[in-house]
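The values are calculated or read from the model by the stated rules, or taken from the named source; none is laboratory data. Fair warning: this is a prediction, and the values are worked out from it, not measured in the lab. FYI the Cβ positions are ideal-geometry reconstructions off the backbone, even for glycines, and counts take in every protein chain you see. These accessible areas exclude ligands, DNA and RNA; they are computed on the full protein's heavy atoms, side chains included. Shrake-Rupley method; radii C 1.70, N 1.55, O 1.52, S 1.80 Å.
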Amino acid sequence: QVQVVESGGGLMQPGGSLRLSCAVSGIVSSRHFMGWYRQAPGKERELVAEVARDGSTTYADSVKGRFTISRDNAKNTVYLQMNSLKPEDTAVYYCRARLFGVEFWGQGTQVTVSS
């Protein structure tokens with residue numbers, strides 16, 4: 001059984017930092033495209049960042065230079081380091097594992113950026 005579990009969300013002031021973790025079991029995350037998505041109230045879910053099997057990364061323009069996606073293959077875990085947080089980063093953040101059209105999603109973790 002595949003499990004994707006996000007953690008690390010919370011309340012942070014603008015300009016602060018958070019690190020999200022995505023722990024995967026039942027699959028080898030290094031063989032999958034691993035991505036972070038987010039969904040704000042009233043908006044569609046959007047890609048934040050993705051790391052490919054070869055380690056190459058993709059970022060949404062809105063987070064470039066502020067967020068960094070990384071993976072620890074030994075721990076089967078993917079991280080999203082979020083710096084210089086803005087109120088518009090407030091959303092539920094989801095982790096997705098993808099391979100050949102098969103997707104596994106986590107339940108999400110809430111990130112709220114507010115003073």
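Six or more apart or on different chains, Cβ atoms under 6 Å: show the pairs whose first residue is in the stretch 44-66 and farther than 11 Å from L80 by Cα and whose second is surrounded by 14 or more Cβ atoms within 10 Å (Cβ to Cβ) and of a type in the set (S, T, Y).
Pairs that qualify, where the first residue is farther than 11 Å from L80 by Cα and the partner is surrounded by 14 or more Cβ atoms within 10 Å (Cβ to Cβ) and of a type in the set (S, T, Y), are R45/Y37; L47/Y37.
Filter the stretch 32-58 down to the residues that are assigned to a strand (DSSP E or B) and more than 23 Å from F100 (Cβ to Cβ), then identify the one that is least open to solvent (accessible area, probe 1.4 Å).
In this case the residue turns out to be R38.
For the stretch 1-31, name all the residues that are outside any strand (DSSP E or B), open to solvent by less than 20 Å² (accessible area, probe 1.4 Å) and either farther than 17 Å from V113 by Cβ or touching a helix residue (DSSP H, G or I) at 6+ places or on another chain (Cβ under 7 Å) (or both).
Across the stretch 1-31, the qualifying residue is only S29.
Output the residue which, of all residues in the stretch 63-113 that are farther than 14 Å from L18 by Cβ and basic (K, R), is least open to solvent (accessible area, probe 1.4 Å).
This residue is R96.
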